[in-house]
Amino acid sequence: MFELAGKRKYNIYDFTRQYLNSHFANKEMDSGYSVYHCADAEDCMDNLLREIKPKFGINSNEVEIPPFAAHWIGYVLRQLVLELNLKSSQLAGIDLNRLMLFIPVAESEDEEYLIERIKVNLLGTKKGLR
């Protein structure tokens, strides 16, 4: 869905914040299993857009996030929710600019190590949120 949001030119900062605070994310991201995990991104987006209204474009203090980076952001947020046993809404304030600094090394680093580094550098401690 994040990649689709990028392709649709939604403001990924706004989309992420609204998504993480949505009831849809509570059903889709926060659960170990959801019917949405097997659903098409377009169908999921249609359901989500009944609840949120993401902005288009970017603000002056933001960078444009391409679809591949938006996909990666969504993936990492899901991994953090699962690994730290968090509610998606607890990640709504995550700094996407800092998170994107990890994209260049994402392909070459072990996934578990990368998620651990993101936890420590963005969330404060090895155990997760402070």
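Just checking, does region 109-122 include any residue being surrounded by 15 or more Cβ atoms within 10 Å (Cβ to Cβ) and either at pLDDT 90 or above or in contact with a Ser or Thr (Cβ under 7 Å, 6 or more places away or on another chain) (or both)?
Initial filter on region 109-122 (surrounded by 15 or more Cβ atoms within 10 Å (Cβ to Cβ)): 114-115, 118-119, 122.
Still in the list and also either at pLDDT 90 or above or in contact with a Ser or Thr (Cβ under 7 Å, 6 or more places away or on another chain) (or both): none.
Scanning region 109-122, I find no residue that is surrounded by 15 or more Cβ atoms within 10 Å (Cβ to Cβ) and either at pLDDT 90 or above or in contact with a Ser or Thr (Cβ under 7 Å, 6 or more places away or on another chain) (or both), so the answer is no.
Pick from Lys55, Lys27: which is over 26 Å from Asn97 (Cβ atoms) and not aromatic (Phe, Trp, Tyr)? Let's see the steps before the verdict.
On the way: Lys55 fails: over 26 Å from Asn97 (Cβ atoms).
So the residue among Lys55, Lys27 that is over 26 Å from Asn97 (Cβ atoms) and not aromatic (Phe, Trp, Tyr) is Lys27.
For region 1-57, which residues satisfy the criterion of being basic (Lys, Arg) and either modelled with pLDDT under 95 or loosely packed, with under 15 Cβ neighbours inside 10 Å (or both)? Spell out how you get there, then give the answer.
Initial filter on region 1-57 (basic (Lys, Arg)): 7-9, 17, 27, 50, 53, 55.
The answer is Lys7, Arg8, Lys9, Lys27, Arg50, Lys53, Lys55.
Please go through region 52-77 and give me each residue that is over 17 Å from Arg117 (Cβ atoms), out of contact with any Phe, Trp or Tyr (no Cβ under 6 Å at 6 or more places or on another chain) and assigned to a helix (DSSP H, G or I), ordered by number.
If the condition is that a residue be over 17 Å from Arg117 (Cβ atoms), out of contact with any Phe, Trp or Tyr (no Cβ under 6 Å at 6 or more places or on another chain) and assigned to a helix (DSSP H, G or I), then Pro67, Phe68, Ala69 are the ones that fit.
Does region 78-92 hold any residues that are over 16 Å from Phe2 (Cβ atoms), at pLDDT 90 or above and assigned to a loop (DSSP other than H, G, I, E, B), and which are they?
Lys87
When you scan region 69-108, how many residues do you find that are of a type in the set (Val, Ile, Thr), under 25 Å from Asn59 (Cα atoms) and crowded, with 16+ Cβ neighbours inside 10 Å?
Number satisfying all stated conditions: 3.
The values are calculated or read from the model by the stated rules, or taken from the named source; none is laboratory data. For clarity, every value in this text was computed on a predicted model and none was experimentally measured. Here the Cβ is made from the backbone with ideal geometry for all residues, glycine too, and neighbour counts use every protein chain on show.
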